[in-house]
Each structure stands twice: as C-alpha cells, then as structure tokens.
Amino acid sequence: MSFRESLESIVAQIDGAIGAVIMGYDGIAIDEYIRANEALDVQLLAVEYATLLKEIKHTVDVLQTGAMEEVSISTGEVRIAIRAISEEFFIVLLLQADGNVGKGRYLLRLHAPLLRNELHQ
C-alpha cells in the first residue's frame with residue numbers, strides 16, 4: 001500500500017478528519033492526503049509545527065524521559081494529532097474541532113509501525 005493510500009485509509013475512517021501528512025523533522029513532506037474541498041493548508045500547518053516538534057523532541061531527549069511518541073494540539077477550529085513514526089519522521093492528522101480525536105490517535109498508533117517499515121525499506 002502506498003503512503004497516500006495509507007493516509008487516505010486513516011482519514012476515511014475518522015469522522016471530522018481533514019487530512020494527514022507524513023513529514024520529516026526537517027519540514028519536508030513525504031506524502032499527504034487531504035479531503036476534497038478543504039480550505040486549510042495542511043502542508044503549511046505541518047511545516048510550521050515541524051519546528052515546534054523538533055524543540056519538543058530535543059527537550060524530551062535532554063530530560064531523558066523516553067522517546068517522544070505523540071503530541072496533540074487543540075485550537076478553536078482544529079484538532080491536531082501528531083505521532084512519531086521514527087527518529088526522522090512523523091505523521092500529522094488534522095481534524096475539525098468536533099472530529100473524533102480518540103479514534104484518530106488510535107489509528108495513528110496502529111499505523112505508525114507499518115509506515116515506519118515502509119519508510120525504511
């Protein structure tokens with residue numbers, strides 16, 4: 001299954017999902033899937049959060065509390081679930097404010113090992 005198919009599968013299973021992006025901590029997107037007619041620039045949002053994630057990852061490393069696994073961000077309009085895939089990559093899931101964040105986090109946790117295997121082949 002391609003990255004885009006994996007992302008589309010995740011987004012399709014979640015009520016209120018806007019899209020998903022696989023990205024490196026350098027801010028370069030590997031692939032994305034955005035539902036049709038979505039006005040939000042998902043890739044720009046993911047690039048901006050990549051900088052924040054690098055800082056969080058660094059802080060976690062300095063504190064030696066284990067590897068960073070997940071970060072959630074809630075704003076007035078969107079919910080963002082971010083899951084580390086590996087030391088180099090993460091996946092960003094964007095949902096509407098009333099989207100099913102719990103199911104999104106669950107699916108990201110299930111798909112992360114599969115995506116990691118695909119990225120490192």
For this session: Sticking with the crude label model, points 7 Å out along Cα→Cβ, report the distance from LYS54 to GLN121 in nm, one decimal please.
Result: 3.0
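Could you calculate the contour length gain from ASP41 to GLU70, that is, 0.36 nm times the residue separation minus the distance between their Cα atoms, to one decimal place in nm?
Full extension of this stretch gives 8.3 nm more.
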Problem set entry | Net lengthening on full extension, GLU5/LEU110 (0.36 nm per residue, minus Cα-Cα) | 36.3 nm
For this session: Restricting things to alpha carbons, find the Rg to Rh ratio for the chain using the Kirkwood radius for Rh.
Result: 0.94
For this session: Tell me which residues come under 5 Å, amide H to amide H, from ILE18 once H is placed; ignore anything under 5 positions away on its chain.
Result: LEU94, LEU95, GLN96
For this session: Mind giving me the nanometre distance, one decimal, between the label points for GLN96 and ALA12, set 7 Å out from Cα along Cα→Cβ?
Result: 2.0
Seminar exercise, completed: For the range 1-63, the percent of all C-alpha pairs falling in each 10 Å bin, from 0 up to the bin holding the max distance, is 22, 43, 28, 7, 0
For this session: Mind ranking 44-57, 63-76, 4-17 by how tightly packed they are, going by the mean number of other C-beta atoms within 10 angstrom, highest first?
Result: 4-17, 44-57, 63-76
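Every number here is computed from the coordinates shown, using simple stated rules; none is lab data. Please read all numbers here as calculations on a predicted model, not as lab measurements. Cβ coordinates were reconstructed from backbone atoms using ideal geometry, including for glycine residues, and neighbour counts include every protein chain displayed.
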